[in-house]
Amino acid sequence: MTESDTVVHQPKGAETTNPENGHGVPTLVTSHEVNPVLERDAQTKGTWTAYVKTKQFWIAMLLGQILAICITSTNTLSQLLSMEGTSIPAFQTFFNYVLLNIVYTGYTFYKLGFKGWAKMCLKDGWRFFILAFIDVEGNYFIVLAYRYTTILSAQLINFWAIVVVVILSFLFLRVRYRWTQIAGILLCIGGVGVLFGSDHLTGYNQFPASNAVKGDLFALLGASLYGLSNTFEEFLVSEQPLYVVVGQLGFWGMFINGVQAGIFDRSSFRSATWNAAVGGYLTGYTLILSLFYSLAPILFRLTSAAFFNISLLTGNFWGVAIGVKVFHLKIHWMYPIAFVLILVGQVIYFLRQSSLAEQKKPWLGEDQHKGVAGIGTAKRRVERPEAIV
């Protein structure tokens, strides 16, 4: 600590003269240790570029782009499956939940034991069931949308997920947004507007949809459910170990998704095309989506559901970049400009935040004592100041 940070330790309740007041008025000093992470966070509130200069910011930016590429890849594989004549929206995501359940519930058994796992399910299982139900339905309607509309149209409607997240976070999680955050979100949306505007003006990447209105409505419903599940998952992973949340999501999602597939996908399953290409697409879809589900909670802890969603906006650029090879799309000269605008918007989003920024969750208390000290959490950094994530 610097000289100005030195704390004078005296017996509890002892009187001392405060040299700052200039009047020699006796004041009470209680001894306490000041946590360096919280102290630095308090000192940098409202300052410019405090968080942008941290390692956590760059990790969050990189992780956001990895997730954007993941979700773009799954969207591309959904489109390829639909083009093959295989549209099974519930069954398509079933194996993702199975894989998540095997990996993370298995690890939960190792950490908690079967009795500990059962006790956790009895206490909090209902919360995870709700999360899984919302997530399953979000996946179902987004995948269903690709049966009727185009990949670019479905991605454009995902803007609505950002609106849902911001409203829910403000109302229920006590998140208060700075004007720089709103400006950053609007610039990100503007960047994607440039991307889609260039397509409209040039006629690039315009493909007919079988039922655009129906598909867009499904995509809008899916985006709303995604926004709800993202906000709820951010809340849960801040309070619970990551392996518990993802394991429970896989456990309950497997049953909900399995039942839904059995009810709604039976006719589609029988009429679907089954070949080596479809098998490869489903395998790739499952592995990439499972990676997405494993990394997303870390970004929720490092930042927020709002930043998570604006990070995914670059997926529109990555979607066209992948589509150049897969769907023979064309990249207009305005696409790189749109991509840069989105990245600049993400920087502006964090431009005037403290050193902990959104890692410090308002619902966990000033010292984050209500949270879990897991990877990516502020509590982990409070307890271990040397920790990066």
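The values are calculated or read from the model by the stated rules, or taken from the named source; none is laboratory data. A quick note: this is a predicted structure, and the numbers were derived from the prediction, not measured. Ideal geometry is used to build each Cβ from the backbone, glycine not excepted, and the neighbour counts take in all protein chains shown.
Name every residue in segment 46-77 that is among the aliphatic types (A, V, I, L, M) and either free of Cβ contacts under 8 Å to residues at least 40 places away in the same chain or in contact with a strand residue (DSSP E or B) (Cβ under 7 Å, 6 or more places away or on another chain) (or both), in order of residue number. It would help to see each step written out before you state the result.
To start, the set of residues in segment 46-77 that are among the aliphatic types (A, V, I, L, M) comprises 50, 52, 59-63, 66-69, 71, 77.
Matches in segment 46-77: 62 only.
Can residue 116 be described as closer than 30 Å to residue 219 by Cα, assigned to a helix (DSSP H, G or I) and either at pLDDT 95 or above or among the small types (Gly, Ala, Ser) (or both)?
Judged against the criteria, residue 116 is not a match.
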Those residues of segment 270-286 which are assigned to a helix (DSSP H, G or I), buried (at least 16 other Cβ atoms within 10 Å of the Cβ) and not β-branched (Val, Ile, Thr), in sequence order: 281, 282, 285
Failed item, numbered, when residue 169 is tested on (1) free of Cβ contacts under 8 Å to residues at least 24 places away in the same chain; (2) under 25 Å from residue 49 (Cα atoms); (3) of a type in the set (Ser, Thr, Tyr): (1)
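Please determine, by comparing only the residues of segment 161-191 that are surrounded by fewer than 17 Cβ atoms within 10 Å (Cβ to Cβ) and farther than 19 Å from residue 362 by Cα, which one is nearest to the chain's Cα centre (by Cα).
163
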From 226, 243, residue being assigned to a helix (DSSP H, G or I), farther than 16 Å from residue 136 by Cβ and touching a residue at least 12 places away in the same chain (Cβ under 8 Å): 243
Only listed residue being at pLDDT 95 or above and at negative phi, chosen from 336, 297: 297
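Please go through segment 298-351 and pick out each residue that is among the basic types (Lys, Arg) and buried (at least 24 other Cβ atoms within 10 Å of the Cβ).
Passing the criteria: only 301.
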